[in-house]
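Reviewing the structure listed below.
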Ligand SMILES: Cc1cc2nc3c(=O)[nH]c(=O)nc-3n(C[C@H](O)[C@H](O)[C@H](O)COP(=O)(O)OP(=O)(O)OC[C@H]3O[C@@H](n4cnc5c(N)ncnc54)[C@H](O)[C@@H]3O)c2cc1C
C-alpha cells in the first residue's frame with residue numbers, strides 16, 4: 001500500500017502511459033503517486049519489442065489507418081520526436097533512430113526504460129506502489145475528482161485523496177466478460193498476448209462515475225496466433241506469431257475466405273477478422289513457394305517458415321498434403337467444410353494466378369499467391385489480443401468525457417485506456433503511452449497546482 005494518503009496526482013497503471021504520465025507530472029512539481037496492480041512496474045511495455053514508432057507524416061497515417069481520431073493521430077506524429085528527446089533528457093538510451101516509408105522510431109531496451117522511469121519519478125519525490133490496484137474513483141460535490149480507492153494484493157483497501165487522476169491501466173483485453181460484450185461472442189477463443197492485469201479496471205471505474213465509452217469499442221490490436229492445444233508462454237509469443245498472414249490464404253470452418261489477407265500489414269488486421277469467425281477459429285494455408293520464403297514478385301519481406309514451424313512445434317493442429325484433396329481431408333478432420341474449402345481454394349488459385357484477384361467476391365488486392373506448388377500446408381490459428389483500441393472516450397488533451405461529451409474535471413486517460421485513437425489500422429502502441437501519457441501528466445500537474453494555489457485577492 002502507498003505511504004501517501006493524499007497526492008496531487010494519482011496515476012493508475014505503471015506501463016508505458018502511466019510511467020510517462022507519472023514522470024511528466026513529477027517533473028512539473030506535482031506530488032505523484034503511481035499505483036500498479038502487478039507485482040512490479042512495466043505492464044505490457046516491459047513485455048514488448050520496445051519499438052517506439054509511428055507514421056512519419058499524417059499522409060502516411062491516413063493511408064494506413066482508415067479511421068480514428070485524426071487530431072489525436074496528428075499529435076502522435078508531431079509528438080514522437082519530442083517525446084523521444086524528452087526520454088533522452090531523462091537518461092533513457094533511445095538507440096539509433098530508424099525511418100522508412102511507413103514507420104519512424106527507435107528500438108528501446110524496455111527493462112532499462114522501466115527502471116529508469118521509475119527511478120526518475122522517485123528522484124522527483126514521487127511514489128511508485130506495486131501490487132496496488134485502482135478499484136474506484138470518487139467525485140466531489142462540485143463534480144470533480146476527489147479520491148481514488150485502492151486495494152493491494154492482500155485485499156487491504158486504502159483511500160487516497162486527490163483532485164487529479166490519470167487512468168493508464170492498459171485497456172480491457174484481459175477481461176473476458178468485457179471482450180464478450182464489446183468485441184466478439186467468441187472472446188474465450190482468443191489468446192491473451194499481453195500482461196494479465198489489464199482487465200478494464202480504468203474503464204469500469206471511469207464509466208461508474210459517468211464517463212462515456214469511445215466509438216468502435218469492438219476494435220483491438222493483436223496478432224494471428226496458433227490455435228489450441230498450443231498455449232505458448234510469453235517468451236515464445238513473437239516466435240509463433242503468423243506475421244506473414246498477408247501472403248497466406250485465410251479461411252474459416254466453412255472453408256470460406258473472410259478478408260483480403262493482403263491488407264493485413266505485418267498481420268495487423270487479420271486478428272480482428274479472425275475473432276469474428278465461427279467459434280473464433282481460422283486456418284492459414286500456404287503452398288511450398290510461400291512456406292519456403294521464395295522471393296516471388298509481390299511477396300512481403302516477412303519470413304513465413306520459422307514462425308509457421310514455431311506454431312506447429314507449439315502444438316497447433318497442422319496438415320501437410322501433396323494434393324488439394326488430401327489437404328481438404330486433413331482439414332475436414334478439424335471440422336472444416338471439405339466442399340467449401342475446395343471451392344474456395346480452386347476459385348482463389350485460378351483468380352490470383354491469372355491476375356484477377358481483385359475480381360474475387362472477397363478481393364485479394366496484393367500477394368497473388370494461390371496453391372500452386374505442393375506440398376500444401378494448413379495451420380489452425382486464433383486471434384491473439386494485445387490491447388483494446390476502444391475504451392474510455394477522451395478529448396485531444398486526454399481529458400475523460402462524460403456522457404454529455406463534457407470533460408470530467410480532474411480525470412485523464414492515456415495509452416490503451418483512451419479509446420478511439422485508431423479505429424482500424426495501427427501505427428504504434430508504445431507511442432500512445434509516450435505522447436498521451438506525457439501530455440496527461442503535464443496537464444494533471446498544472447490542474448493540481450491551480451487547484452491548490454489560493455486565488456489572488
Ligand atoms: C509481446 C508484445 C510486443 C509488443 N511490441 C510492441 C512494439 O514493439 N512496439 C509498440 O509500439 N508496441 C508494442 N506492444 C504494445 C505495447 O506494449 C502497448 O501498446 C503499450 O504497452 C500500452 O501501454 P499502456 O500503458 O496503455 O499499457 P501497459 O504498458 O500494459 O500498462 C498498463 C499497466 O496498468 C496496470 N494495471 C492494470 N489494471 C490496473 C489497476 N486496476 N490499478 C493499477 N494498475 C493497473 C497493468 O498491470 C500494467 O502495468 C507490444 C505488446 C506485447 C504484449
Given the peptides 56-63, 29-36, 79-86, arrange them by the average over their residues of other C-beta atoms within 10 Å, most packed first. 29-36, 79-86, 56-63
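Which shape class, rounded, prolate or oblate, goes with the stretch 251-309 when its Cα gyration tensor gives a ≥ b ≥ c as root eigenvalues, a/c under 1.5 marks rounded, and past that a/b bigger than b/c marks prolate?
It is prolate, given that a/c is not under 1.5 and a/b is the larger ratio.
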In degrees, nearest ten, helix 430-452 long axis to first principal axis of the chain (Cα): 20 degrees
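Is the shape of the stretch 327-457 best called rounded, prolate or oblate, per the rule: a/c under 1.5 gives rounded, else a/b larger than b/c gives prolate, else oblate, with a ≥ b ≥ c the square roots of the Cα gyration tensor eigenvalues? Don't skip to the answer; put the middle values down first.
Details: a/c = 4.06, a/b = 3.47, b/c = 1.17.
Judged from the Cα gyration tensor, the stretch 327-457 comes out prolate (a/c at least 1.5, a/b above b/c).
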Pop the C-beta distance of residue 301 and residue 339 into the FRET formula with R0 = 35 Å and round what comes out to the nearest 0.05. 0.45
Cα extents of the stretch 223-385 along the principal axes, largest first, in whole Å, come to 42, 33, 29
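May I ask you to sort 101, 273, 268, 261 by Cβ crowding, counting other Cβ atoms within 10 Å and putting the fewest first? Please list the in-between numbers first.
On the way: 101 9, 273 18, 268 22, 261 25.
Least to most surrounded, the residues fall as 101, 273, 268, 261.
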Round to the nearest 10 and give me the degree value, 0 to 90, for the angle of helix 16-27's Cα axis relative to the longest principal axis of the chain. 20 degrees
In terms of the Cα gyration tensor, with a ≥ b ≥ c the square roots of its eigenvalues, is the stretch 156-241 rounded because a/c is under 1.5, prolate because a/b exceeds b/c, or oblate? prolate
Cβ density ranking, 10 Å radius, fewest first, applied to 289, 6 yields 6, 289
Computed from the mean reciprocal separation of all distinct C-alpha pairs, what Kirkwood hydrodynamic radius does the chain have, in Å? 22.8 Å
Order of 46, 37 from fewest to most other C-beta atoms within 10 Å? 46, 37
Report, in degrees rounded to the nearest 10, the 0 to 90 angle that the Cα long axis of helix 305-314 makes with the longest principal axis of the chain. 80 degrees
FRET efficiency, 1/(1 + (r/R0)^6) with R0 25 Å, evaluated for residue 88 and residue 62 via beta carbons: 0.30
Helix-derived [θ] at 222 nm for the chain: sum -39500 (n - 2.57) over DSSP H runs of at least 4, divide by residue count, nearest 500? -9500 deg cm²/dmol
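Would you please put 235-243, 296-304, 157-165 in order of how densely packed they are, using the mean number of other Cβ atoms within 10 angstrom per residue and starting with the highest?
On the way: 235-243: 18.7, 296-304: 13.9, 157-165: 21.0.
The packing order, highest mean first, is 157-165, 235-243, 296-304.
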When the label point is put 7 Å from the Cα of residue 96 along its Cα-to-beta-carbon vector, which residues of the stretch 36-60 have a backbone N closer than 12 Å? none
Within the chain, the percent of DSSP beta bridges that are antiparallel, given to the nearest 5, stands at 70 percent
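None of the figures in this text is laboratory data; all of them are computed from the coordinates on show. These numbers were taken from a predicted model, which means no experiment stands behind them. Every residue, glycine among them, receives a Cβ derived from its backbone with ideal geometry; neighbour counts consider all protein chains shown.
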